[in-house]
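J.: Here's a structure for you.
Nothing in this text is a laboratory measurement; each read-out follows from the coordinates by a stated rule. Worth saying up front: this structure is predicted, and the values here are computed from it rather than measured. We place every Cβ from the backbone using ideal geometry, glycine too, and count neighbours over all the protein chains shown.
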Amino acid sequence: MNKLSEYVNFESGTPQFRINESMDRSAPIYNVYSQNDLTDDLVGINLLSGEPKKIRTRDEVSIVFPQDIIFSLISGTASIVGKDHQGYLYTQNYVRIKPDKNIAPKYLIYLLNENRAIRKQFQLGLQGTTVLKYTLAQLKEIELPSLPSLHEQQIIGEVYFKQLRVQALRKRVADYKMTVLLNKLEGVLEDERSSV
């Protein structure tokens, strides 16, 4: 079996405690990439993102670009950065993964997020630790299953991302229907109160 580190390069995010925040109004302001941003990128729609945390600094920081693969050391999930998150600062809780030409980006995300053998390796790595956080060292040591052809990888990756989007859209519709229903019920209660 080949290790993930044989197929990809890793770039850790900027340690947040090392960022010197500036009061200078001319210093650049960065939105901070969050777990909600990663989830939104994974499903292709903004479900969770509220107002992003911002940091004003003159320090050199790690930022994401559309099509970057980002892995969360907090949740153990990966996604491809969407254009809405261009230029966001990513912290040491995230790792940028740059795959070589032998592994399709969306397939790699499918493997990291869904493959049972890989999930088991992640879980074993967390045993005995008090803080449930993944590490870059653990990520590098992940053993990959034998890879299908690049064409098959691309098909699997596309199907995976499309399915995630369909699920997210269904959830959005269900949530909307529930909101409409609750508003109707509230209206019925208001009508009854006013007629008493």
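J.: Can you give me the P(r) profile for the stretch 2-195? Cα pairs, bins 10 angstrom wide beginning at 0, each as a whole percent.
T.: The distribution over the stretch 2-195 is 8, 29, 30, 18, 9, 4, 1, 0, given as percents.
J.: Using θ = phi - 60° and the Karplus curve 6.51 cos²θ - 1.76 cosθ + 1.60, what whole-Hz ³J(HN,Hα) does each residue of the stretch 88-102 get, with Gly and Pro shown as x?
T.: Ordered by residue, 3J(HN,Hα) equals 5, 7, 10, 8, 5, 7, 10, 10, 7, 10, 10, x, 7, 6, 8 Hz.
J.: Cα axis of helix 116-126 to longest principal axis of the chain: angle in degrees, 0 to 90, nearest 10?
T.: Its long axis makes an angle of about 90 degrees.
J.: Ordered by residue, what ³J(HN,Hα) values in Hz, to whole numbers, does the stretch 64-71 give under the Karplus form 6.51 cos²θ - 1.76 cosθ + 1.60, where θ = phi - 60° and Gly and Pro are x?
T.: With the stated coefficients, the stretch 64-71 comes to 9, 10, x, 6, 5, 9, 10, 10 Hz.
J.: Give the shape of the stretch 125-177 as rounded, prolate or oblate, defined through the alpha-carbon gyration tensor: a ≥ b ≥ c are the square roots of its eigenvalues, a/c under 1.5 means rounded, and otherwise the shape is prolate if a/b is larger than b/c and oblate if not.
T.: oblate
J.: Also: For GLU141 and ASP24, what does the FRET efficiency come to when R0 = 45 Å and r is the distance between their Cβ atoms, rounded to the nearest 0.05?
T.: Working from the Cβ atoms, E equals 0.60.
J.: For ILE63, what residues show an amide H to amide H distance below 5 Å, using hydrogens built from the backbone and excluding near sequence neighbours?
T.: Amide H to amide H, under 5 Å and 5 or more residues apart or across chains, ILE63 pairs with TYR90.
J.: Return the sequence-ordered ³J(HN,Hα) values of the stretch 25-39 in whole Hz as given by the Karplus equation 6.51 cos²θ - 1.76 cosθ + 1.60 applied to θ = phi - 60°, using x for Gly and Pro.
T.: The phi angles translate into 5, 8, 6, x, 10, 10, 6, 9, 5, 10, 4, 5, 4, 4, 5 Hz.
J.: Work out how much length ASN36 to LYS54 would gain on full extension: take 0.36 nm times their residue separation and subtract the Cα-Cα distance, in nm to one decimal.
T.: Gain on stretching ASN36 to LYS54: 5.0 nm.
J.: How about LYS98: which lysines have a C-alpha closer than 17 Å to its C-alpha, ignoring those fewer than 8 places off in the same chain?
T.: LYS3, LYS106, LYS140
J.: Further question: Output the antiparallel fraction of DSSP beta bridges having both residues in the chain, as a percent to the nearest 5.
T.: Rounded to the nearest five, the antiparallel share is 90 percent.
J.: Obtain the nm distance between the two label points defined at LYS162 and MET178 by a simple spin-label model: each point lies 7 Å from its Cα along the Cα-to-C-beta direction.
T.: 2.8 nm
J.: Between PHE17 and GLN154, what is the label-to-label distance in nm when each label sits 7 Å out along the Cα-to-Cβ direction?
T.: It is 4.5 nm.
J.: Near SER72, within a Cβ-to-Cβ distance under 12 Å, what is the net charge of the other residues, with Lys and Arg +1 and Asp and Glu -1?
T.: Value of the local net charge: 0.
J.: Still on this model: Using only Cα atoms, tell me the angle between helix 150-195 and the longest principal axis of the chain; keep it within 0 to 90° and round to the nearest 10.
T.: With rounding to tens, the tilt is 20 degrees.
J.: In debye, nearest 20: dipole of the chain around its Cα centre with unit charges on the Cβ of K, R (+) and D, E (-)?
T.: For this selection, approximately 220 debye.
J.: For an R0 of 35 angstrom, estimate the FRET efficiency from the Cβ-Cβ distance between GLU192 and LEU124 and round to the nearest 0.05.
T.: Plugging the Cβ-Cβ distance into 1/(1 + (r/R0)^6) gives 0.05.
J.: Something else about it: For the chain, build the charge dipole from Cβ charges (+1 Lys, Arg; -1 Asp, Glu) around the Cα centre, then report which of ASN31, GLY125, HIS85 sits farthest towards its positive end.
T.: GLY125
J.: Also, quick follow-up: How would the stretch 80-163 be classified by its alpha-carbon gyration tensor: rounded, prolate or oblate, with rounded meaning a/c under 1.5 and the a/b versus b/c comparison settling the rest?
T.: Taking the square roots of the gyration eigenvalues as a ≥ b ≥ c, the stretch 80-163 is oblate.
J.: Excluding same-chain residues fewer than 8 positions from LYS54, which aspartates and glutamates have a Cα within less than 13 Å of its Cα?
T.: LYS54 reaches GLU21.
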